[in-house]
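The values are calculated or read from the model by the stated rules, or taken from the named source; none is laboratory data. What you are looking at is a predicted structure, and each value in this text was computed from that prediction instead of being measured. All Cβ positions, even for glycine, are placed from backbone atoms using ideal geometry, and neighbour counts span all protein chains on display. Calculation scope for accessible area: heavy atoms of the full protein, side chains included, ligands and nucleic acids excluded. Shrake-Rupley method; radii C 1.70, N 1.55, O 1.52, S 1.80 Å.
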Amino acid sequence: MSARMRILSGFGEKGPACLRLEFFNRRWLLDCGVGPESDQGFDPAWLNKVNAVFITHDHIDHIGAADEVIAAGLPIYCTEVTARSLPKGANVIPLPPCGEIQVDGVTVTTGRTGHSFGGVWLHFEIAGGVLYSGDYCQESNYFLYDAPPDAATVLLDASYGMEGLTQTVRIDSLLTTMTKLDGQILFPVPPSGRAAEMALLFERNGLTDWSMDDRCYGQVKQVLDARGGDYVDGEAIRQLRALKDKARHFNPNARLLLCHAPCATYGTARELIDRWRDAGRMGSSAHVIFTGFMPVEARKMVEKGHAHFRRWNVHPLAQHVVDVANDCHAMQVVPLFTSRPEDFALVDGFEGRLQLADRFYL
């Protein structure tokens, strides 16, 4: 079965995810993201003649234009967890956390990504196998990760480019920085991402004076329901249960604060920053540590010394991208969400397999 792929957004930039897979008389959209900072918005014309939309997880750069999809009356394939973040009126067909379903005669296989609660990669049994990872991470001690099957074409998250610093190194750097800062520390985080994972890290290191806002606690409650074990390590769930009562009530005076939103441009994180700035506390008795993507305003805070950046790995290192491509025996490899996909041409064995076009045949 021949097929065509068009990368509408997310190729050659750290931009929102949106891809289009076409075969026979079918046209499927893979993710429908906006932001978090890219100038490129979602174009409703991308939904022209689309039959179905598949969403990998609930972060805005993968799900942000779901309202356009719903307005178009299209079916949305995603996990039940991800569906909770969709606007009202969505026509959802549930995807399993790890399994397969038949869609228009095509076997669609899913697996957990190690990146977020409810996140899955997608494997389509056409043209020798097509794997789209969405965002993924193989270093989490919290979120579960499943290895995908063979695929002739792999389109993989490569957000960190050729980065090679492991999560262990990153965490050591984070903890060292925290010991040097007096007063309170705010961590802007995505609720369905690293919020609970960081809380568990604090506890393991004796840093018990922490609190999380209501949005983050809401995700903890979801993890602790009957379906939490589908995505989160069992030992982590046991530890979360022990901390449930502590996490239930937000204490804005705690030393360590885990708050939505990760970009700190809105939500409790924004409110705290504004309050601390008005009180003249920023950089003295109040600090911000960003651990993920930083928009312009966050970068300016770091430049002024009012905030710090210590990455928490939630995307694959370069070697992990290479390993997945090799393990899948891929003939075509497409690095996504990086401004320099051509750097992967330097990887031994990638020269003839690297696909550096935003549209191609499978």
Phe202 fails exactly one of the following numbered conditions: (1) part of a helix (DSSP H, G or I); (2) out of contact with any Asp or Glu (no Cβ under 7 Å at 6 or more places or on another chain); (3) of a type in the set (A, V, I, L, M, F, W, C); (4) modelled with pLDDT under 95. What is the number of that condition?
(4)
Do the conditions hold for Glu80, that is, is it in contact with a Gly (Cβ under 9 Å, 6 or more places away or on another chain), within 20 Å of Tyr136 (Cβ to Cβ), surrounded by fewer than 22 Cβ atoms within 10 Å (Cβ to Cβ) and not hydrophobic (A, V, I, L, M, F, W, C)?
yes
From the list Leu317, Leu356, Leu362, exactly one residue is in contact with a Gly (Cβ under 9 Å, 6 or more places away or on another chain), closer than 18 Å to Asp135 by Cα and of a type outside the set (Lys, Arg). Which is it?
Leu317
Would you mind finding the one in Asp213, Asp233, Asp209, Asp225 that is among the acidic types (Asp, Glu) and open to solvent by less than 30 Å² (accessible area, probe 1.4 Å)?
Asp213
Would you kindly identify the strands (runs of 3 or more DSSP E) lying entirely within segment 1-116 that contain at least 3 residues that are at pLDDT 95 or above and over 30 Å from Asp343 (Cβ atoms)?
75-78, 91-94, 99-103, 106-112
Considering only residues that are more than 20 Å from the chain's Cα centre (by Cα), crowded, with 20+ Cβ neighbours inside 10 Å and either on the phi > 0 side of the Ramachandran plot or in a loop (DSSP other than H, G, I, E, B) (or both), which ones fall in segment 135-189?
Ala151
Unique match (being modelled with pLDDT of 95 or more, within 25 Å of Met301 (Cα to Cα) and not hydrophobic (A, V, I, L, M, F, W, C)) among Thr168, Thr176
Thr176
Consider segment 324-333. How many of its residues are out of contact with any strand residue (DSSP E or B) (no Cβ under 8 Å at 6 or more places or on another chain) and either free of Cβ contacts under 8 Å to residues at least 12 places away in the same chain or surrounded by 15 or more Cβ atoms within 10 Å (Cβ to Cβ) (or both)?
1
Consider Glu197 against the criteria (1) in contact with a strand residue (DSSP E or B) (Cβ under 8 Å, 6 or more places away or on another chain); (2) among the acidic types (Asp, Glu); (3) under 29 Å from Glu22 (Cβ atoms): it satisfies all of them except one. Which criterion is unmet?
(3)
Identity of the residue in segment 57-116, in contact with a helix residue (DSSP H, G or I) (Cβ under 8 Å, 6 or more places away or on another chain) and among the hydroxyl-bearing types (Ser, Thr, Tyr), that ends up nearest to Val314 (Cα to Cα)
Thr82
What is the number of the single condition among (1) of a type outside the set (Gly, Ala, Ser); (2) touching a residue at least 12 places away in the same chain (Cβ under 8 Å); (3) out of contact with any Ser or Thr (no Cβ under 9 Å at 6 or more places or on another chain); (4) open to solvent by 10 Å² or more (accessible area, probe 1.4 Å) that Val53 does not meet?
(4)
